[in-house]
Structures are given as C-alpha cells and as structure tokens.
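Beneath this line is the structure, given in structure tokens, with notes to follow.
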Amino acid sequence: MKDTALVIIDIQNDYFQGGKSELYEPIKAAQNAKALLEKFRQLNAPIFHVQHIFEGENAPFFAPNTNGVQIHELLTPKDGEFVVVKHFPDAFLNTKLGHELERLKIKNLIICGMMSHMCIDTSVRSAVAKGFSVSLAHDACATKELEFNGTKIDANIAHIAFMAAMNGIFADVKTTDEILKKL
C-alpha cells in the first residue's frame, strides 16, 4: 500500500443538484468515492483531492470564490491530505500532482471523480503516459448527457463508453467494492 495513492478528481458542488453543471447521479458516485476515502484514511495512505478552478470572470462553473467550486461535503479534505488545484481537464497539467506522487514514490493510483468523459478520461490517460498503473472505480465516477452533431447521448451510455474505452490499456476499471477488497 505504500506505493498506492487515492486521487479524487473534481467532486465539487457545481456538479450536484442546484449547481451550475449538474451531473447524472452525482450523490451515488460521491458516496462510493467516500468509501474509498474512508479506507485510505484507515490505512493512513496518501490521498489527493483535485479541485478544478476555472480562471477568469467568464467561468461556466467552478468559478473562483463560489460555493460551486468547493469540494463536496461528503469528501471534505482533512489535514495531511493533499489538495491539488488545476485549471485544465488534466489533473497533471501545470499542477504539483505528478511531483508529489513521485516524491512519495507512488506507482499505483486509484482514481475516482467527475466527469467521466472529461477530467477522468484525460487524467487517467495522462497518468498512464507518466508511468503510473491506474485502477479506476467506475461507480465512483459520474458524467452527464452529451450531445454531438445533433445527437443526444444518454449520461449512462456516455459513462459506459468512456469506461469501456479506458478499461484494459489505460486502467483496470472495477467497482468500488472490487477495489476495496484488494486493499
């Protein structure tokens, strides 16, 4: 376990009911992420909370100094847990995440968070490109309905498609319970 860290990406208020960018079933995903968080706390293993903050006055959501940008109360960081602020979909791009993981000699990441089709997909692929082994808790991730070229894509279908695309080469995609059993 000393070479494994939990990375919780963007589980922030704007993705929940009443937020500026509501996702499909965010509470369910957050509760599963909380189970992982509690286990890592019990094991005294490294925990990284990634918080997206858009820069500029025209932020579509996650605007600086708003309630929406705050990490959801189910996953409030505690002292000693890393909080990494990012401004792009990639949790590694222009952040201290990679440096801190290397400093702690982390080789394996367990990733969960929001949104499956954007920051999760981008960050998982980036982690693998940097040499990390990734386990992805698919039921601790959430997304929303997407649209492309006039075609609407159901949130559940979008989520499944992205999990299927990452499974195998980029990540070992499992349920939260399956991951917990291996810890």
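The values are calculated or read from the model by the stated rules, or taken from the named source; none is laboratory data. Owing to the predicted nature of the structure, the values given are computational and were not obtained by experimental measurement. Glycine also receives a Cβ, built like all others from the backbone with ideal geometry; neighbour counts cover every protein chain displayed. Just the protein is used for accessible areas: all its heavy atoms, side chains included, with ligands, DNA and RNA removed. Shrake-Rupley method; radii C 1.70, N 1.55, O 1.52, S 1.80 Å.
Summary table
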read-out: Wholly within the stretch 30-131, strands (runs of 3 or more DSSP E) carrying at least 2 residues that are within 12 Å of Ile11 (Cα to Cα) and in contact with an Asp or Glu (Cβ under 9 Å, 6 or more places away or on another chain); value: 47-52, 108-114
read-out: Residue ID - surrounded by the most Cβ atoms within 10 Å (Cβ to Cβ), chosen from residues in the stretch 169-183 that are at pLDDT 95 or above and assigned to a loop (DSSP other than H, G, I, E, B); value: Phe170
read-out: Filtered residues of the stretch 1-29 (kept if part of a helix (DSSP H, G or I) and surrounded by fewer than 23 Cβ atoms within 10 Å (Cβ to Cβ)); value: Asn13, Ile27, Lys28
read-out: Members of the stretch 85-123 found to be over 19 Å from Leu136 (Cα atoms) and either open to solvent by less than 10 Å² (accessible area, probe 1.4 Å) or touching a helix residue (DSSP H, G or I) at 6+ places or on another chain (Cβ under 9 Å) (or both), listed by number; value: Lys86, Phe88, Leu93
read-out: Condition met for Asn149 (in contact with a strand residue (DSSP E or B) (Cβ under 6 Å, 6 or more places away or on another chain), modelled with pLDDT of 95 or more and open to solvent by 70 Å² or more (accessible area, probe 1.4 Å)); value: no
read-out: Of all residues making up the stretch 141-166, the number that are in a helix (DSSP H, G or I) and either on the phi > 0 side of the Ramachandran plot or not small (Gly, Ala, Ser) (or both); value: 7
read-out: In the stretch 77-126, the residues that are on the phi > 0 side of the Ramachandran plot and either over 13 Å from the mean Cα position of the chain (by Cα) or among the polar types (S, T, N, Q) (or both); value: Gly80, Asn94, Lys105
read-out: Complete set of residues in the stretch 46-69 that are acidic (Asp, Glu) and under 20 Å from the mean Cα position of the chain (by Cα); value: Glu55
read-out: Cβ-Cβ under 9 Å pairs, at least 6 apart or on other chains, the stretch 147-160 side touching a residue at least 60 places away in the same chain (Cβ under 8 Å) and under 16 Å from Glu25 (Cα atoms), far side open to solvent by less than 80 Å² (accessible area, probe 1.4 Å) and part of a helix (DSSP H, G or I); value: Ala155/Ser116; His159/Ser116; His159/His117
read-out: Residue within the stretch 107-124 that is without any contact (Cβ under 8 Å) to a residue 12 or more places away in the chain and over 28 Å from Gly19 (Cβ atoms) present; value: no
